[in-house]
Every structure is written in structure tokens, then in C-alpha cells.
1. I need the full set of residues from the range 383-417 which are in a loop (DSSP other than H, G, I, E, B) and under 27 Å from the mean Cα position of the chain (by Cα), in order please.
2. On the basis of being more than 28 Å from His281 (Cα to Cα), of a type outside the set (Lys, Arg) and either free of Cβ contacts under 8 Å to residues at least 12 places away in the same chain or assigned to a helix (DSSP H, G or I) (or both), does Ala496 make the cut?
3. Looking at Glu506, Glu479, which one is assigned by TED's automatic domain parsing to the domain that holds Ser359, touching a His at 6+ places or on another chain (Cβ under 9 Å), over 21 Å from Phe536 (Cβ atoms) and not in a helix (DSSP H, G or I)?
4. Going through Ile318, Ile243, Ile299, Ile254 one at a time, which residue ends up being in the same structural domain as Ile387 (by TED's automatic domain parsing) and modelled with pLDDT of 95 or more?
5. Just checking, does the range 87-108 include any residue being in contact with an Asp or Glu (Cβ under 8 Å, 6 or more places away or on another chain), among the β-branched types (Val, Ile, Thr) and under 22 Å from Leu179 (Cα atoms)?
6. Pick out the one residue from Lys466, Lys411 that is surrounded by fewer than 19 Cβ atoms within 10 Å (Cβ to Cβ), modelled with pLDDT of 95 or more, closer than 20 Å to Met539 by Cβ and not assigned by TED's automatic domain parsing to the domain that holds Gly55.
7. Residue check, Ser471 against (1) part of a strand (DSSP E or B); (2) over 25 Å from Asp70 (Cα atoms), all met but one. Which one?
8. State whether the residues of the range 127-147 include one that is among the acidic types (Asp, Glu), part of a loop (DSSP other than H, G, I, E, B) and under 30 Å from Leu273 (Cβ atoms).
Amino acid sequence: MSAQAKNCKYIFVLGGVMSGVGKGVVTASIGRMFKNRGYNVSAIKIDPYINLDAGTMNPLEHGEVFVTEDRDETDQDVGNYERFLDTDILSLNYMTTGRVYMSVIEKERAMQYKGKCVQVVPHIPLEVIGRIKAAAKKADADVMVIEVGGTVGEYENILFLEAARMMKLDNPDDVAFVLVSFLPIPGHLGEMKTKPTQHAARALNNSGIQPDFIVARGRNELDKPRREKLAFFCWLRSKEHVISAPDVKNIYEIPALFEKQKFSALLGERLKLNFKSGKSHRWDNFVNRMNAADKKVKIAVVGKYFGTGDYTLADSYISVIEAVKHASWANGAQPEMTWIDSEEFEKHPQKIKELCGFSALIVPGGFGSRGIEGIISAIKFARENKIPYLGLCYGMQLATIEFARNVLGLKNANSVEIDAKTHEPIIHINPKQANNVALNRYGGTMRLGAYNCTLTPDTKTAELYKTKKISERHRHRYEFNNVYRKKMESAGMKVAGVNPENDLVEIVEITDHPFFVGTQFHPEFKSRPLSPHPLFMGMVKAAIARNV
């Protein structure tokens, strides 16, 4: 890949001490700072996994799979980039070890290396560099922020660090390194310790990279003595190059937190960027609205990818969480979200009445049969008790099954995903997907990415979108069976949106209900802080009106 972006500046964000310290949010926040100043900014996520994409990774281990417009299954951090930068991030901006190696092997098989011995170094780092520059050119980026997954010192990401080192060697003024590291406060000491970060900086030095900045993550704000110690022992230019990043109430406050420490100006100086002093205040205005929201809205999320041991992993549905927040803040409300494992309704049916205490109910996407009957009972309760409901992907499919069972009287109604021999296949699989499953082709074979949808006039959905045609992102194999379409509509469940190319049902809604909408697509992937998604806006407005 010889494509190169003109005059682009590259900022590598690397992790130290442990995973989960917030590299993705730091990457997105750095990008937002430069975007606020008028630069064209994009971001790249590098995952060190052998997987070709995130699609086959367990959401309990890796978090949400975020789907791009152009049908890539990526890491959840790409979602943060889109939300902070208010722009689409495409598949070119996501790479894994598996993806890089496959590309190099395919080139070797096609004789693109002209008979040379293809080696891990330099050919793998060169492939990484080519991908970074191609993504920057595609985005026409002034600034490209690149997050390298994992932590420094790991074997998995050393070749990506080598690529970063080589880029810096070629153009020292165009590349900067930011080390995001964790500063623990041992309970028996009550003192923030810098030594783990010092070791992380030394490990980075062993890869031939000297960090230009350290973002010091921790429970508390970094004090002056520790800032000075980190600057001295990690060989930074000054203590101002140590950026304090304490825990905050909301991640959208982080760009302002960084700006108070002149982070973007210091980065601009380091990169010899023609720094723009002016600043857009759209983001600041959004944060002010967010903090001023004073109403409460209680929302139950009923699903199954929540628990691992004694812990709840909300990262499995991070885009849903953020979409609810965006819509709530736009309506002057603060959301209170409660995670409910659907299996609890199966073990203890009487608990279903607890849903009366919520303003709305969401059933997000998922796969498999575990906990399904509990979800269906929750949907039935929401429908019968006029609780605002939003079903996403599987949440739409299960809503149609519930309606078929309890309104149409088709007691054996089901999805072939749950019961392959069901006599009432409300949800079935199209032939292409059936062939993929039969051949064990699971990676990257679902209906993925953006598809068109034509909205039905005089529906709540059309009223919310304020347009006739939309495009939304998908990630699923199974579809609503059109054999049951007329029966459903005659009984009160209206088809509110259809894919025009294949006549696939994309949206259903119940007309005699304050808000009951199910979507085959994932609207949460397109919600942004500065432009909340219409369907989440509609759900939140209905939830506020319920006034629980």
C-alpha cells in the first residue's frame, strides 16, 4: 500500500500497566480536541488478536462488536471514535494481527514482493504503515490518532510498535507518542504510586520508542510531586507533558479536562502543526446540556450478556447505553439504567411485575436460546401494560414471536434459531445464511453494515425520522417470515419499514401503544452525542411521559 496522506500528523496512543485504562476514550478525546479546533480528524484501532475481525469474539470477554457503515465487525472503541468525532469510521481504519498477516501472505502468493524473502520484519510493519497511511488518505485527515491495543511489553503488539517507530524515524515531526498508564493507590498505603508507569515507559523504550506525553489514569487527580517524578524518571520534556486523567462522572467531559491542561496545544507544538487557536463550542454546549439535565428516567434493559462471575459487563451493550444517554440528555433527563438478566424471569416468574417500576424497557441484540422465554415474558408484560418498548434486532424478532403466540394464538410460534423444527417459524433464515451456517462459515457472513429501509407513512417511526427513506446498520442472520406479515398487521402489529431490495421487514410497531417499536437493525450504532438517534428520542419522550 503506497497511498500516503498529504501533510497528515500521526498520534499513537499506547497503553501501560494494564488493559482497560481508557486508551479508546483518550484516543477519541484527543481527536475531539483537534476536531473542535477545525482540523479534519480520523482514528484507527489496532487489535493485536489473530482474529480477522471482532465478529467471532465473545462479548463477555471483548465487549460489544461495533459494526461500521461498510460492513466491518470491529472493536467497541471504534464506536467511541464515531461518537466523539461525529463521523463514520470505515473498515480501513481497523486492523488486527490476523488481518495484517493475511494481507501479507496474499501479496506473497500473488508475487507482489517479486520473489523476495518475505520476513516478519520489515514486511509486517511496512504493511501496517501502508494501512495507516491509506486510511489517512481516504479520510483526508489532517490528524490521525492511532490506538494500539494491549499494553507495552506484550509480545502481541511489538510489531505494531515497530511500525510506529519506523514512521517516527522517517518523519520525526509528524509522529507523536502518548502513553496512557495507570497509577494505582494501594489501600494499605493510601498513596498514588508512579513506579508501574515508570516500568511501562522503560518497556516502551525497549521497543525504541520514547513517549512524548504520559496520560496518567487513576482514581484521583495527579498531584505536583508525582507529575514531576513521572516527567523526570520517564524522560519527558517537562512536567506539563504529564496529563492528569482522573476518573470523571462522564467520559464526554474528558476533552475539556485535557484542554485545561493545554494538551492539544502541546501536541500541536510537538508535531509542528500550524495550530488553530479558534475553537468550536458545539461540544461544550452539549456537555453543558448533559450536566444541566435534571429529570430522571428509569429504563430496564432485559438481556443476557451481562454477567461474568460476580460482575456485570455493561460493555456488551455500550452503544445502547450511550444512545440512551444521548437521547435522555437531549430531553433534559438523566437516565437510570437497570440491567436485568432475563433468566431471572424464568426462575422467578413473579418478578416480572417489577417492570412496572420502570419508565421504559429495552431488549437489545443477542444470539442463542438461553434466557429467551424470560425475554418474551418481559415483552408481553410491556405490551399489555403499555410500558414504552424498544426492541433491537433480536428484541424485534422476539417481539414478533410474543405477538404471534399471545395475540394471534400461535402457541408454537418461534424462531428457527431457537427451534429448528418449529411449525410456526415467525423468524426464519434466508437460503444464503442457511448455507453459511451449514458450512460453519460464521466470521463476517451475517447481514452486516448499512442497508436501505423505506418507511411506512403514518407510523410513529416515520414521524420520528421525518423522512421516507433511511439507512441503518445490521448484524444478524435471521429474518422475519413474510408468510405471517398480513396476519400480524391485521391484528395490530404494523410493518413500519421494509428493505426495498429484498422486501425484508426492518421495523415493526404496535399502533395501540404509547411506544412499541422493534427494529431488525441496530439504531444504537448511529447515535451521536451531537445528534441523538430518532428512535431513542421517541422512546425516551414516551418514557418521560409515563412518569414513573
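The values are calculated or read from the model by the stated rules, or taken from the named source; none is laboratory data. Note that the coordinates shown come from a computational prediction; the quantities given were computed from them, not determined experimentally. Positions of Cβ are generated from backbone atoms using ideal geometry, with glycine treated the same way; all protein chains shown enter the neighbour counts.
1. Pro388, Cys393, Glu417 - these are the residues of the range 383-417 that are in a loop (DSSP other than H, G, I, E, B) and under 27 Å from the mean Cα position of the chain (by Cα).
2. no
3. Selected residue: Glu479, the only one of Glu506, Glu479 that is assigned by TED's automatic domain parsing to the domain that holds Ser359, touching a His at 6+ places or on another chain (Cβ under 9 Å), over 21 Å from Phe536 (Cβ atoms) and not in a helix (DSSP H, G or I).
4. On inspection, the qualifying residue turns out to be Ile299.
5. Yes, the conditions are met somewhere in the range 87-108.
6. Lys466
7. Of (1) part of a strand (DSSP E or B); (2) over 25 Å from Asp70 (Cα atoms), only one is false for Ser471: (2).
8. Yes, that holds for at least one residue.
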